[in-house]
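To keep things clear, I will list the structure first and then write my remarks on it.
The values are calculated or read from the model by the stated rules, or taken from the named source; none is laboratory data. Quick caveat, the model's predicted, so the values are computed rather than measured. Neighbour counts are summed over all protein chains in view; Cβ atoms, including those assigned to glycine, are modelled from backbone coordinates with ideal geometry. Surface accessibility is based on the protein's heavy atoms, side chains included, excluding ligands, DNA and RNA. Shrake-Rupley method; radii C 1.70, N 1.55, O 1.52, S 1.80 Å.
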Amino acid sequence: MTTIEIPALRTFRPGDPGYDDHRLGWNRTIDLRPAVVAVAERPSDVRAAVLAARTRDLPLAVQATGHGTVAGADGALLLKTSAMADIEIDPTRGVARVGPGAIWTDVNRAAGRFGLAGLAGRCGTVGVTGYTLGGGQSWLSRTFGFAADSMVSAEVVTADGTMLTASAREHPDLFWALRGGGGNFGVVTSLEFGLYPAGRVYAGMSFYPLERARAVLDAYRQWAPDEPWQMNTAVLLLRLPPAPVVPEHLRGRRVLAIRAFHHGDDGRPALGPLLAAAGPPLVDAFAPRTFADAAIATNGPDAPPMANRQEFEMFHDLPGDALDAIVEAGADDSPLAFVEVRHWGGAMAHPAPGAGPAGHRDVPFSVMAVGPYPNADRSVVDAHLDRLRDRLAPHATGGTFLTLLTDPTRTRSAFTDANWTRLRALKRVWDPDNVFHLNHNIPPADSNGKALR
C-alpha cells in the first residue's frame, strides 16, 4: 500500500499501535477499516486532512466520539476530531463554544456552574457537534426545541478546504443546512450554541410492574396531547441492567418505566394520569434535582461501546394494535434491551422563523427498539425487531430523525420533501463532488434537481 503522509498530523495505519483504538465507532456492528487515521488537534489540521484526501483521491470519513458512525470507511482517510474538545462558557451571553470532540457530560458540567444547561441527549458521552448537526432531541427539547435550533454559529472547513464561519449573517444558506443536515456540508471545527436556565429540574425514571404496560401506554397516548411544554417524557419496557443505580433486587428484571424531565421543581401533578394508570411503583425515582444529577437519574449509566441493532419510527397516533405490538415486543421473554415510546411536540413543533431542516416537527410520537447482540443470538434479536417493525409499519409515517437513524439508506426519511429538495440544492453548492458522503448522505442535485449519487 502506498504510504500516506499528512504533514503535522498524527497518523495511524493498519498494524500500527493505536490504529484499532482510533478507527472504531461506538456501535461495533460497523467495523471501520480505513487506509489511514489522521488525528486533528486544530482547525488547520482538519483542512490539511480534507485536502490530503482530495489530492490522493481517498474517500473521507469524519469521526469525533464515534456515536454517529453509520457507514463503513474501508480504504478511506478517517479524520478523527476527538482531540479538539475545548469548551468555553459565556454565562453573560448564555452561550457555549465547543470543539468537535467535546461531549455533553463535560459541557453540562461546565455550564452547570452557572445554572445553565445545553440541550443534551440521553448519553453523556455523545459528541455535542455531531449530535447538534443531526438535529439533537433533548430531555429539554419540548421546552426549548431541538439542539440544532439553539445553534448560533459554526466554524467550518468546507469540501474545497475553505475555512469560514456560518451564522444567520454569514453564509446563512450554509447555516440553515448545518442545523439538521448532519455532516454533509463540511467539517465543523467550532460550534457556538445557546444555553438555558436549568439549575433545578424535577426528573427521574420510575419503575413499575410490567403487566401495567398496556394500561400506561394507553393513558400516555391520551394524555400526551395536553402535556405541558415544561414536561419531557417517555414510556419504556426494558430489562434492568446490573448497574449500581439499579436496586439489586430488580437487576435483570423486565419492567415498565416512566421517564420524566420537567423544567421546574415540581412536575408531579402533571404526571397524575400516568401515575394513576401505573399504580404503585417498584421504585419511585421522581425528585427535584440538579440538571447534572437528573441526566444520570433519567438516563441511567452510559452504555459502553457495543454491537446492536436499532429500529426507529414516527407516528401521528398509536392505535390499539400498535400498542399491543409494543407490549408484545417488550414482554418478559424479549431479547431486546428496551422498547421506548416518546412524545415530541412542544417547542420542537413551533420553531422560530428560519429554523433549520431538523426533523418532522408535526409528528408527536416515536417508537424506538434496541436489540443488543452481545450474549444474545442475533437471529433471535433480529426476528423480534423484524416482527415489531412489520406490526408497526401500517401505522408509521415513514419518517425518521437523523441522530436516531442507524440505517444510512433511509437518510431521506429524516426530512420533509421541501427540506430534502433544498438540502440537495445546497449540497450542490457546498459539496458538488460529494466529498462528505460516508455518513447520512444527502447527495448533490444536478441542474435539473436530480441526485448525482
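Odds and ends about this structure:
- Pairing each residue of the stretch 199-226 that is on the phi > 0 side of the Ramachandran plot and among the acidic types (Asp, Glu) with any residue that is open to solvent by 30 Å² or more (accessible area, probe 1.4 Å) and in a strand (DSSP E or B), provided the two are 6+ apart or on different chains, yields no C-beta distance under 9 Å.
- Scan the stretch 363-397 for residues that are part of a loop (DSSP other than H, G, I, E, B) and either closer than 23 Å to Gly127 by Cβ or open to solvent by 40 Å² or more (accessible area, probe 1.4 Å) (or both) and the total you get is 4.
- Screening the stretch 150-219 for strands (runs of 3 or more DSSP E) wholly inside it with 2 or more residues that are in contact with a Pro (Cβ under 7 Å, 6 or more places away or on another chain) and closer than 30 Å to Ala277 by Cα returns the ranges 200-208.
- The stretch 52-82, residues that are modelled with pLDDT of 95 or more and of a type in the set (A, V, I, L, M, F, W, C): Ala52, Ala53, Leu58, Leu60, Ala61, Val62, Ala76, Leu77, Leu78, Leu79
- Single match in Leu256, Leu236 (criterion: modelled with pLDDT of 95 or more, of a type in the set (A, V, I, L, M) and more than 30 Å from Arg109 (Cβ to Cβ)): Leu256
- Leading residue by the ranking (surrounded by the fewest Cβ atoms within 10 Å (Cβ to Cβ)) among those in the stretch 318-362 that are of a type in the set (D, E, K, R) and over 23 Å from the mean Cα position of the chain (by Cα): Asp333
- Here is the figure for the stretch 407-441: residues that are over 13 Å from Asp173 (Cα atoms), open to solvent by 30 Å² or more (accessible area, probe 1.4 Å) and in a helix (DSSP H, G or I) total 7.
- The conditions of being at pLDDT below 95 and among the charged types (D, E, K, R) are met by Asp333.
- The residue of the stretch 366-406 that is farthest from Leu318 (Cα to Cα), among those that are among the hydroxyl-bearing types (Ser, Thr, Tyr) and in contact (Cβ under 8 Å) with a residue 12 or more places away in the chain, is Tyr373.
- Any hit, the stretch 274-285, residues being assigned to a loop (DSSP other than H, G, I, E, B), more than 23 Å from Asn108 (Cβ to Cβ) and among the small types (Gly, Ala, Ser): yes
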